[in-house]
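For reference, the structure is listed below as C-alpha cells.
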Amino acid sequence: MQHLKTIPASTPTFHRRVYEQLLTVPRGKVTTYGDLAHALNSAAYRAVGQALRNNPCAPNVPCHRVVSSDGRIGGFNGQREGPDVTRKIALLAAEGVQVTNGRIDLARHRHDFF
DNA sequence: CACCTGACATAAT
DNA sequence: AATTATGCCAGGT
C-alpha cells in the first residue's frame with residue numbers, strides 16, 4: 001500500500017498496523033481507539049493513541065476519524081484540547097459527521113470492522 | 001533491563 | 001453528571 005511508503009522505515013510494526021486499519025474507515029464514519037486496537041486483536045488502546053500522535057496523518061491517514069469510546073472527540077495533532085481539536089471537529093463536520101457539544105453520536109457513525 | 005509516558009477505557013467516588 | 005483512581009500495552013529513555 002503506497003499510502004504509507006513515505007513514513008520512516010523505523011516506524012514500529014504496531015503503528016503501521018494501526019494506520020492500515022485506519023485506512024479502512026470510510027469517510028463519514030468514525031472509530032474509537034479501543035475498537036481500532038480490538039480490530040488488531042490487541043488491547044493496546046493507548047498505544048493506538050501513540051501511533052496517531054506520531055502523526056503520519058498529514059499526508060493521507062485520516063486521524064480525525066478516531067474518537068474516544070464515550071463519543072468525545074479525543075485529541076488531534078498531539079493535543080487533547082485547543083484549536084487543533086476544533087479543527088478535527090471541522091474536518092469531521094465536513095465529512096457529514098455531526099458533532100454536538102463536543103460529542104459524536106457513535107450509534108450513528110461508528111464504523112464496524114467485523 | 002527497569003522505569004516513564006500517553007490523541008485511552010472503565011470502574012469507583 | 002463530573003471527577004478521580006486504576007488498569008492497559010507498546011514505545012521511548
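The values are calculated or read from the model by the stated rules, or taken from the named source; none is laboratory data. Since this is a predicted model, take the numbers as computed values, not measurements. Here Cβ is always computed from backbone atoms with ideal geometry, including for glycine, and neighbour counts include all displayed protein chains.
Are there any pairs with C-beta distances below 6 angstrom linking a residue in the stretch A:85-114 that is part of a helix (DSSP H, G or I) to a residue that is basic (Lys, Arg) and exposed (fewer than 12 other Cβ atoms within 10 Å of the Cβ), with the two at least 6 apart or on different chains, and if so which?
none
Give all pairs with beta carbons closer than 7 Å in which a residue from the stretch A:1-26 that is within 11 Å of A:Leu40 (Cβ to Cβ) meets a residue that is assigned to a helix (DSSP H, G or I) and among the β-branched types (Val, Ile, Thr); count only pairs at least 6 apart in sequence or on separate chains.
A:Val18/A:Val48
Condition first: under 21 Å from A:Ala93 (Cα atoms), more than 8 Å from DNA strand B (Cβ to nearest atom), among the polar types (S, T, N, Q) and at pLDDT below 95. Can you find one or more residues in the stretch A:22-32 that meet it?
No, because not a single residue in the stretch A:22-32 is under 21 Å from A:Ala93 (Cα atoms), more than 8 Å from DNA strand B (Cβ to nearest atom), among the polar types (S, T, N, Q) and at pLDDT below 95.
What pairs can you find where one residue is in the stretch A:56-82 and farther than 19 Å from A:Leu106 by Cα and of a type in the set (Val, Ile, Thr), the other is modelled with pLDDT under 95 and away from DNA strand C (no atom under 16 Å from the Cβ), and their Cβ atoms are less than 8 Å apart, with a gap of 6+ or different chains?
Listed by first residue and then by second, the contacts come to A:Val61/A:His3.
Considering only residues that are surrounded by 15 or more Cβ atoms within 10 Å (Cβ to Cβ) and either among the hydrophobic types (A, V, I, L, M, F, W, C) or not in a helix (DSSP H, G or I) (or both), which ones fall in the stretch A:24-42?
A:Val25, A:Lys29, A:Val30, A:Thr31, A:Thr32, A:Leu36, A:Ala37, A:Ala39, A:Leu40
Suppose we keep only residues that are among the polar types (S, T, N, Q) and more than 13 Å from DNA strand C (Cβ to nearest atom) within the stretch A:22-39. Which one would you say is farthest from the chain's Cα centre (by Cα)?
The qualifying residue farthest from the chain's Cα centre (by Cα) is A:Thr24.
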